[in-house]
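Have a look at the structure below, then the notes.
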Amino acid sequence: MVLTKFMEVPMLPEKYKSMTFKEMENRIREIKSKLGDELFIPAHHYQRDEVFQFADTTGDSLQLAQVAAANKKAKHVVFCGVHFMAETADMLTDDEQIVYLPDMRAGCSMADMANIYQTEEAWIVLQQLFGDTLLPLTYVNSTAAIKAFTGRNGGACVTSSNAKIMVEWAFTQKQRLFFLPDQHLGRNTTYDLGIPLDQMAIWNPIKGQLEYEGNVENVKVILWKGHCSVHEGFTVSNVREVRKNYPDMKIIVHPECSREVVALSDDNGSTKYICDVIENAPAGSSWAIGTEMNLVKRLIAKYPEKHIISLNENMCPCLTMNRIDLPHLLWALEMIESGEKGNVIQVDANTTKEAILSLERMLACA
Ligand code: 13P
Ligand code: SF4
């Protein structure tokens with residue numbers, strides 16, 4: 001199996017550390033207007049404001065994948081997000097379009113919780129246990145190699161925006177699901193669709209074991225034991241604290257939060273869903289939001305007429321998303337301007353061929 005080509009991680013040149021914010025912003029504007037339509041900057045909602053302001057389009061994982069698939073104009077796509085998002089953009093764009101990640105260290109700790117070797121090993125054991133009754137579904141927050149595994153085994157990608165649609169589709173294909181790598185999104189989605197918790201097993205990739213008490217014949221869903229370190233940071237005691245301090249406040253969380261937190265909240269949904277709910281909420285309404293801090297802070301600033309807080313005021317932003325900052329964005333753009341090919345994300349052709357199957361199945365249903 002050939003994996004994504006990882007280059008030695010290049011470090012930010014010293015000169016960017018001595019530039020002022022104003023100087024960097026001016027240079028970014030200059031390069032953007034010089035490159036025009038040849039340059040395209042998509043940014044995820046969790047990006048820092050300093051970077052977000054320069055985005056040509058913003059959105060959640062699904063929207064950014066759809067936009068990448070649709071954009072055939074841009075020669076240079078500078079992806080402000082994390083590694084798996086840039087890989088997805090590379091696979092969905094044409095071969096002549098080049099995708100860059102301003103800081104190659106911007107990975108995702110959840111995606112790193114499932115590697116292809118563990119996944120192949122799990123698949124062998126699960127096939128022995130369940131025969132040909134299983135369909136893999138992978139959250140887009142996974143490596144291109146996992147997407148390829150999913151594609152060649154008849155499965156599809158999901159995002160938090162379309163997980164329900166994709167799970168429903170998956171059950172039209174096979175009796176059981178193997179959901180990677182986020183156990184919480186898998187559990188919350190299948191539970192909402194009526195699958196009881198006692199029909200869900202966990203695959204522990206560290207032990208290489210299925211964790212389930214009871215007769216495995218009853219298992220409908222196998223959840224990879226992975227999680228988002230940001231969303232797992234919202235706890236039941238955070239919910240109780242908000243309920244005590246603000247009895248009228250509504251709590252809305254991302255489905256990457258644990259089942260217990262989702263169950264105690266008033267509403268849950270993808271990043272786009274949360275943005276839409278807050279936008280449409282009446283002035284004077286009050287909200288505690290359980291998702292990434294850069295987004296929560298942006299919503300607080302955008303809607304001063306609504307009372308918005310983070311469900312956990314001590315929460316840090318997603319550290320890997322935060323690696324993309326103004327100096328790294330400018331560095332990526334200056335490399336493009338000078339014709340230097342740095343920080344390029346390129347998934348090899350074989351992996352792309354299989355991974356695209358799982359992405360296209362998702363985009364066809366989404
Ligand atoms: P969505 O963009 O699908 O809401 O996912 C959130 C996330 O954690 C992205 O890394
Ligand atoms: Fe990964 Fe969670 Fe950060 Fe999203 S918020 S990039 S899932 S660690």
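The values are calculated or read from the model by the stated rules, or taken from the named source; none is laboratory data. Because the structure is a prediction, the values reported are computed rather than measured. Quick reminder, even Gly has a Cβ in these numbers, built from the backbone with ideal geometry, and neighbours come from all protein chains shown. We work out accessible area using only protein heavy atoms, side chains counted, and drop any ligands, DNA or RNA first. Shrake-Rupley method; radii C 1.70, N 1.55, O 1.52, S 1.80 Å.
Couple of notes before you dig in:
- Whichever residue in segment 30-46 is of a type outside the set (Gly, Ala, Ser) and assigned to a helix (DSSP H, G or I) and, among such residues, is least open to solvent (accessible area, probe 1.4 Å): 31
- Identity of the residue in segment 211-235, in contact with a helix residue (DSSP H, G or I) (Cβ under 7 Å, 6 or more places away or on another chain) and hydrophobic (A, V, I, L, M, F, W, C), that ends up farthest from ligand 1 (Cβ to nearest atom): 216
- The set of residues in segment 47-56 that are open to solvent by less than 30 Å² (accessible area, probe 1.4 Å) and either more than 19 Å from residue 99 (Cα to Cα) or touching a strand residue (DSSP E or B) at 6+ places or on another chain (Cβ under 7 Å) (or both) comprises 47, 51, 55.
- Residues of segment 69-90 classified as away from ligand 2 (no atom under 16 Å from the Cβ) and open to solvent by less than 10 Å² (accessible area, probe 1.4 Å), total: 3
- Total residues in segment 69-84, condition in contact with a strand residue (DSSP E or B) (Cβ under 7 Å, 6 or more places away or on another chain) and among the aliphatic types (A, V, I, L, M): 3
- Taking helices (runs of 4 or more DSSP H) as the structural unit, those lying wholly within segment 54-148 and holding at least 1 residues that are under 23 Å from residue 190 (Cβ atoms) and within 15 Å of ligand 1 (Cβ to nearest atom) correspond to 61-70, 83-92.
- For segment 101-118, the set of residues classified as within 13 Å of ligand 2 (Cβ to nearest atom), within 16 Å of residue 88 (Cα to Cα) and surrounded by fewer than 22 Cβ atoms within 10 Å (Cβ to Cβ) consists of 107, 112, listed by residue number.
- Hey, residue 322 within 16 Å of ligand 2 (Cβ to nearest atom), assigned to a helix (DSSP H, G or I) and on the phi < 0 side of the Ramachandran plot or not: yes
- Candidates 366, 332, 301, 288 - the one that is surrounded by 15 or more Cβ atoms within 10 Å (Cβ to Cβ) and either closer than 22 Å to residue 21 by Cα or among the charged types (D, E, K, R) (or both): 332
- Lone qualifier among 232, 241 - being within 16 Å of ligand 2 (Cβ to nearest atom) and of a type outside the set (S, T, N, Q): 232
- Segment 180-200, residues that are outside any helix (DSSP H, G or I) and in contact with a Leu (Cβ under 8 Å, 6 or more places away or on another chain): 180, 200
- Considering residues of segment 304-318 that are open to solvent by 30 Å² or more (accessible area, probe 1.4 Å) and at pLDDT 95 or above only, the residue farthest from ligand 2 (Cβ to nearest atom): 305
- All conditions but one from (1) at pLDDT 95 or above; (2) in contact with a helix residue (DSSP H, G or I) (Cβ under 9 Å, 6 or more places away or on another chain) apply to residue 73; the one that does not is (1).
- Scan of segment 258-273 for residues that are out of contact with any helix residue (DSSP H, G or I) (no Cβ under 6 Å at 6 or more places or on another chain), touching a residue at least 24 places away in the same chain (Cβ under 8 Å) and either open to solvent by 30 Å² or more (accessible area, probe 1.4 Å) or within 14 Å of ligand 1 (Cβ to nearest atom) (or both), ordered by number: 269, 270, 271, 272, 273
- Residue within segment 333-350 that is assigned to a helix (DSSP H, G or I), over 16 Å from the mean Cα position of the chain (by Cα), more than 16 Å from ligand 2 (Cβ to nearest atom) and over 23 Å from residue 56 (Cα atoms) present: yes
- Just one residue in the set 324, 308, 300 is more than 30 Å from residue 136 (Cα to Cα), in contact with a Leu (Cβ under 7 Å, 6 or more places away or on another chain) and not aromatic (Phe, Trp, Tyr); that residue is 308.
- The sole residue among 221, 216, 236 that is of a type outside the set (D, E, K, R) and either over 25 Å from residue 177 (Cα atoms) or at pLDDT below 95 (or both) is 236.
- Considering residues of segment 158-179 that are among the basic types (Lys, Arg) and outside any helix (DSSP H, G or I) only, the residue surrounded by the most Cβ atoms within 10 Å (Cβ to Cβ): 176
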